[in-house]
Amino acid sequence: MPRIVKCGLIQCGLPLHEGEGSVQEIKDAMIKKQLGFIEKAGKKGVQVLALQEIFSTPYFCPSQDPKWYATAESVPGPTTERLSKLAKKYNMVIVVSLYERLTAGVYYNTAAVLDADGKYLGKYRKVHIPQVAGFWEKFFFKPGNLGYPVFDTRYAKVAVYICYDRHFPEGARAFGLHGAEIVFNPSATVAGLSQHLWKLEQPAHAVANGYFMGCINRVGTEKPWNIGKFYGHSYFVNPRGEILAEGSEDKDELVTADIDLDKIDQVRNTWQFYRDRRPETYEDIVKLLP
């Protein structure tokens with residue numbers, strides 16, 4: 001029997017902007033808005049669903065305002081517990097990108113993976129943290145310290161690479177070596193900065209490493225920062241680099257695709273990149289500076 005897995009991505013704009021409510025009210029509104037899409041995914045039979053980067057808040061990194069620390073929470077914690085009930089209700093794996101509070105003053109950009117029975121399987125912490133105008137992420141996040149885990153869910157072996165991580169091929173390869181079948185990339189990226197890369201890098205990772213990718217971006221402009229338009233176009237790509245399904249540029253929506261995991265064997269038996277690797281020749285990658 002073919003291994004067909006119905007997968008989904010949710011791209012969403014901000015329902016409340018700064019000045020229209022407290023940080024907690026903004027967070028509550030963002031979660032409430034996406035709960036409807038999560039329910040929709042479950043009713044459509046989605047088996048693996050992924051949410052966008054820090055899905056429960058604005059992308060607040062254009063600021064350097066410590067008030068957003070109050071939106072961080074433990075992982076696992078209240079939001080993962082809430083979504084675990086939906087995961088169990090719909091027999092649906094959910095990849096949840098959250099702002100994690102480890103302890104006072106220690107925060108991470110994190111993604112939790114919930115299995116189809118609601119069980120918390122573990123988390124990935126964003127490894128590569130940018131620090132450039134409009135993306136002051138080092139003010140809010142410590143670099144991840146959990147490596148490149150792959151989670152053996154009911155339906156597929158799943159991994160998560162978050163936003164800026166996608167510019168670094170080393171972690172993408174590590175996921176493949178660890179057995180990932182689907183790698184999700186929750187993102188917050190705006191037009192003019194990296195849009196021309198959006199459908200270059202992840203298809204390249206999918207081809208080079210022989211797995212599927214699900215790539216999620218926000219939509220709309222978030223006030224008051226106005227760093228640019230989050231351009232959506234969330235999509236799935238297969239190990240041949242072919243786009244399977246794609247969202248719009250500006251609509252809140254659920255993007256779905258039926259993924260045939262047997263394609264991984266077919267592609268890897270044709271393009272023998274894992275057989276022909278020469279890791280003994282790659283020492284300079286980790287030795288050379290900067």
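Here, each number is a calculation from the coordinates, and none is a lab measurement. Model, not experiment: these values are computed from the prediction. Glycine also receives a Cβ, built like all others from the backbone with ideal geometry; neighbour counts cover every protein chain displayed.
Tabulated data
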{"quantity": "Segment N145-E39, extension gain: residue separation times 0.36 nm, minus the distance between their alpha carbons", "calculated": "34.9 nm"}
{"quantity": "Unsatisfied cross-links (Cα-Cα over 25 Å) in the set K89/K229; K85/K229; K32/K89; K6/K123; K85/K263", "calculated": "K89/K229; K85/K229; K85/K263"}
{"quantity": "J(HN,Hα) series, region 129-145, from Karplus relation 6.51 cos²θ - 1.76 cosθ + 1.60, nearest Hz, glycine and proline x", "calculated": "10, x, 8, 9, 3, x, 9, 7, 6, 5, 5, 10, 10, 7, x, x, 9"}
{"quantity": "Other-chain or far-sequence residues with amide H under 5 Å of Y231's (modelled H)", "calculated": "T189, A191"}
{"quantity": "Relative contact order (%) - region 4-287, alpha-carbon pairs under 8 angstrom, separation at least six", "calculated": "19 percent"}
{"quantity": "Amide H within-cut-off set for G122, under 5 Å, with H built and near neighbours excluded", "calculated": "V113"}
{"quantity": "Per-residue HN-Hα couplings for region 54-59 [Karplus 6.51, -1.76, 1.60; θ = phi - 60°; Hz; x = Gly/Pro]", "calculated": "5, 4, 8, 9, x, 7"}
{"quantity": "Dipole of region 63-205, positive end: most advanced residue of H128, T103, G144 [Cβ charges, Cα centre]", "calculated": "T103"}
{"quantity": "Amide H contacts under 5 Å for F184, placed H, 5+ residues apart", "calculated": "A159, V160, Y161, G214"}
{"quantity": "Computed magnitude of the charge dipole of the chain (debye, nearest 20; Cβ of K, R +1, Cβ of D, E -1)", "calculated": "460 debye"}
{"quantity": "Region 171-178 - phi-based ³J(HN,Hα) in whole Hz, Karplus 6.51/-1.76/1.60, Gly and Pro as x", "calculated": "x, 4, 5, 4, 4, x, 5, 8"}
{"quantity": "Calculated FRET efficiency for the pair I243/M1, C-beta based, R₀ 45 Å, to 0.05", "calculated": "0.95"}
{"quantity": "Alpha-carbon gyration tensor eigenvalues x 5, square-rooted, for region 64-129, Å", "calculated": "24, 12, 9"}
{"quantity": "For I31, I26, I4, order by how many other beta-carbon atoms lie within 10 Å, fewest first", "calculated": "I4, I31, I26"}
{"quantity": "Förster radius 35 Å - calculated FRET efficiency between D258 and R82 (Cβ-Cβ, nearest 0.05)", "calculated": "0.80"}
{"quantity": "Inverse mean reciprocal Cα-Cα distance (Kirkwood Rh) of the chain, Å", "calculated": "19.1 Å"}
{"quantity": "Order of L261, L83, L102 under a 10 Å beta carbon neighbour criterion, fewest first", "calculated": "L102, L261, L83"}
{"quantity": "Neighbour-count ranking [beta-carbon atoms within 10 angstrom, fewest first] of M30, M1, M213", "calculated": "M1, M30, M213"}
{"quantity": "Segment L288-Q272, extension gain: residue separation times 0.36 nm, minus the distance between their alpha carbons", "calculated": "3.0 nm"}
